[in-house]
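These notes concern the structure reproduced below.
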């Protein structure tokens, strides 16, 4: 009954909503998608020429549609970033142990960079295995116990300990918690004063292959200029290299993995020393969030806001041709990011066009954030210095990597149970003839990997609306294979727009998100949190 009553209330609310304006149209969505994913924009890389072209396009489109600047006369919100680019040819990292020296190959076995804005750093530090590198007092878990890690390089596992029959709810049970995110591990190591941190990659634990890691580090990396700095040395190593290094250091990686699953784990010193010199090019870069507002029409609610977000950045132009070039692009170096996330930006522009035709009671902001691929930097910057008071922000609906395969019988509402947005979404799905896609354990930490999370951390109910998986079509195996094949294109140069794509599923996902936003924008009350954030 506790679940049924809110659902019935949401259903009643939906029934009272104003009639839908003109539906979201495929033609503008496809046009925006094709342009934003075009080689002309050079992959929309942070700090690259394509970024400025993208921002100029987005603000021009908002102006043409008639949206108002969110604050002042400009559609742009400046975001100051530090750019750190490892000079691979001049930088060396070697491991001394077992009477020998190993110098792994950058890109093939190891990737590294710095979390501090220094042009040159020299390392001569002992290596310490620290399990999962988690210090979580609320879970009574500390992988740092009994060790001062200042001046040491920490080797650690990705993710977090697996729940046991005795503790099925350890951390967040089957779902990865924020402590398991690799970005959190870097931040924690820096707070503990470590000289460096190296994460051990496996495809299963990271949820993506080594090429995704390599492509993310074989280029300039960014952090907020006003944010905390990271560890002096940050990076990843392949599992094969980690096994060899741990063995050289007098230990066995599988044995250490098993020990790291227990609460009584303590850091294990390795008979291993990291020596190296890290040269970095450091610069300050100004990037921009882009925002336009459709003012509300209700005198008592127009000062409240519904936000729709999508990140406009991708990986940009690489320094060298892709390792696995695709047909017709043997020397292609452009990471176009068609699905991730030209699709989300195209959807927001298509929604904004419809929103202008029938303003809601609350105001609505269409916010395109920068530097998501660098760690949600644009949305973090917005949450720290919002263009609209967060206390007056009702909700954020985020779109990232839309359904390019086919229309579906369902819609994704991942983590909707954390706020009343899930109840509203479920009621809307039923009214729209859709089911809610079955939730799977979030072992990859998806909840923390998209821009809605910056709003959640700031106290605003937020949801990333996902595409469905129950495809409509005559050849279901082919449709499922098409969807699965995207895993090989994720963060690769092959994430390109294909004019033969059936965009009905993308339009469906966009329309659902817009309809959910209209419910929130017209409802008498605002969404609230139901569980911990």
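Things to note:
- The distance between label points at residue 71 and residue 475 comes to 5.1 nm (points 7 Å beyond Cα on the Cα→Cβ vector).
- The packing ranking of peptides 99-105, 390-396, highest mean first, is 390-396, 99-105, where packing means the average number of other beta carbon atoms within 10 angstrom of each residue.
- Scattering curve values for segment 193-257, log₁₀ I(q)/I(0), Debye with Cα scatterers, q = 0.21, 0.28 Å⁻¹: -1.02, -1.24
- Overall form of segment 21-102 per C-alpha gyration tensor (a/c, 1.5; a/b vs b/c): prolate
- Distance histogram for segment 156-273 (every C-alpha pair counted, 5 angstrom bins, percent rounded to whole numbers): 2, 9, 17, 22, 22, 15, 9, 3, 0
- The separation of segment 469-509 from segment 124-140, counted between C-alpha centres, amounts to 40 Å.
- Between segment 55-74 and segment 1-53, the Cα center-to-center distance that results, in Å: 17
- Across the alpha-carbon set of segment 107-178, the Rg to Rh ratio works out to 1.06, Rh being the Kirkwood radius.
- Exposure proxy ranking, count of Cβ atoms within 10 Å, fewest first, for 188, 356, 506, 156: 356, 188, 156, 506
- Diffusion coefficient, µm² s⁻¹, Stokes-Einstein with Kirkwood Rh over alpha-carbon pairs of segment 241-317 at 20 °C and 1.002 mPa s: 110
- Quarter of Cα convex hull surface for segment 84-282, i.e. mean projection, nm²: 10.7
- Relative contact order for the chain, counting Cα pairs under 8 Å that sit 6 or more residues apart, in percent: 22
- For the chain, convex hull of alpha carbons as volume per residue, Å³: 153
- Beyond 17 Å, the tail of the calculated P(r) for segment 380-480 holds 57 percent of the Cα pairs.
- For segment 84-282, share of DSSP beta bridges that run antiparallel, in % to the nearest 5: 65
- By average C-beta atoms within 10 angstrom, highest first, the peptides 479-486, 78-85: 78-85, 479-486
- Value of [θ]222 nm, deg cm²/dmol, for the chain, DSSP H segments ≥ 4, -39500 (n - 2.57) each, nearest 500: -8500 deg cm²/dmol
- Value of Rg to Rh for segment 1-149 (Rh from inverse mean 1/r over Cα pairs, i.e. Kirkwood): 1.15
Values quoted throughout were computed directly from the atomic coordinates according to the rules given, and no laboratory measurement underlies them. Everything quoted here is computed from the prediction, not taken from an experiment. Cβ atoms come from the backbone with ideal geometry, glycine included; neighbour counts cover every protein chain shown.
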